[in-house]
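Just below is one structure, and these are the notes that go with it.
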Amino acid sequence: MNYDVILVGGGAAGFFTAINLAEQNKGLKIAIIERGKEVLSKVRISGGGRCNVTHACFDPKELTQFYPRGAKELLGPFHQFCSGDTIEWFDRHGVTLKIEEDGRMFPDTDSSQTIIDCFMKAVRDLKIDVITSSSVQGIFKKENSWKLDTTTGNYEASYLIMTTGSNPKMWNTVSELGHKIVEPVPSLFTFNISDKRIKDLMGVATPAEVSVKGTKLEASGPLLITHWGMSGPGILRLSAWGARILAEKKYQFHITVNWMPQHSFESLKEELQRIRKDHAKKNVIKRIELDLPNRLWERMVVMSGISEDTKWADVTNKQLDILCGELTQGEYQVNGKSTFKDEFVTAGGVDLKEVNFKTMESKLHNNLYFAGEILNIDAITGGFNFQNAWTNGYLAATAITTKIEGN
């Protein structure tokens, strides 16, 4: 089968690129080839089934700061197609997005099916072929075209766009074409911690500062105690920024947690000394004037050697120091990681030095393009990985359109 353009990978980047390309070039023969039975499977589960489409950050430079890998390369592309453009694009295609308090943006239906329906309608209207259950066995350059051997037959196209995400087999195929693949390691994962200080506190969430001992890695944000350890935006940020370092440590390391980020050890001690003086006759376990979940406060009090019936007047300076230490400098052993929900993200992929970020074209091969997580780009949670896919796809589609018009 001959096509003008073939996209390998039926995910967010593949569909968005194909739709933009078809809209800019009426009559272009385009196919999306997907190895699975279903397309857009990651879109379906993202954001807990609501699809976190993008983030309400509209300044390109500020937006790049959410990408542990790819920040420098994405600055130019974000000036071409940023979050505001994404909102306008979906609005034009009948999908209204809403902003949540933390800046994440979802379809106003709160359903990822809305995004899937939008894409599927567009490919039908634009007559883009979607070929499923078709696994690519080999990719070959043939004079001025690309030849693909797949389990559903052989295909040929003038332009090839790789949008296969974190697919090791496709990374191997791309490396056979001469591209360097930065070894993938997990990003966006939670920490496995077995510690009596947080045992049975599942569901407790509070702002915290977390750092990895012996490194410069640190992050802040809501921390969630789970039955296996710690999760929440603060932990996920740390996992993203520390993806390579933590992989080298084989996910065995120590973290320091400040459960009261508004305080240092010294300022908290002053605060507790004041409370001890002002509330001498009250029980320590009954928290007073501190911004901390009750269950966490009660556990830290007991773990500091202060019994449940101890009154503030009877707390020793040594006990106060231990309590301050637990609350601002608590040290925890991490033994392994767990995937965050179903949203597996990797750091790694096609080396960014080998891609032209004005066009998303390979610097090694004419008419070979990349978009999405196949590249060594990843972001923290919040809609940023999708925004990278939309931006890459728009640039690749526009670049191919410019080439076609110039021929």
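Miscellaneous remarks
- Some residue of segment 344-351 being open to solvent by 20 Å² or more (accessible area, probe 1.4 Å) and more than 15 Å from LEU7 (Cβ to Cβ): yes
- Residue pairs whose Cβ atoms lie under 7 Å apart, separated by 6 or more positions or on different chains, with the first residue in segment 110-124 and farther than 15 Å from GLY14 by Cα and in the same structural domain as ILE19 (by the TED database) and the second among the basic types (Lys, Arg) and crowded, with 16+ Cβ neighbours inside 10 Å, are ASP110/ARG50; SER111/ARG50; SER112/ARG44; SER112/ARG50.
- Residue within segment 365-376 that is over 24 Å from the mean Cα position of the chain (by Cα), without any contact (Cβ under 8 Å) to a residue 40 or more places away in the chain, more than 15 Å from THR86 (Cα to Cα) and in the same structural domain as ASN167 (by the TED database) present: yes
- Where helices (runs of 4 or more DSSP H) fall entirely within segment 156-258, none has at least 3 residues that are on the phi > 0 side of the Ramachandran plot, among the aromatic types (Phe, Trp, Tyr) and open to solvent by 40 Å² or more (accessible area, probe 1.4 Å).
- So SER267, is it small (Gly, Ala, Ser) and buried (at least 17 other Cβ atoms within 10 Å of the Cβ): no
- ALA280, sole failed condition from (1) assigned to a loop (DSSP other than H, G, I, E, B); (2) out of contact with any Phe, Trp or Tyr (no Cβ under 8 Å at 6 or more places or on another chain): (2)
- Those helices (runs of 4 or more DSSP H) lying entirely in segment 43-150 with at least 2 residues open to solvent by 50 Å² or more (accessible area, probe 1.4 Å), at pLDDT 95 or above and within 26 Å of ASN376 (Cα to Cα): 60-64, 71-80
The values are calculated or read from the model by the stated rules, or taken from the named source; none is laboratory data. Since this is a predicted model, take the numbers as computed values, not measurements. Note that we place each Cβ from the backbone using ideal geometry, even for glycine, and neighbour counts take in every protein chain shown. Just so you know, the surface numbers come from the protein's heavy atoms only, side chains and all, with ligands and any DNA or RNA stripped out. Shrake-Rupley method; radii C 1.70, N 1.55, O 1.52, S 1.80 Å.
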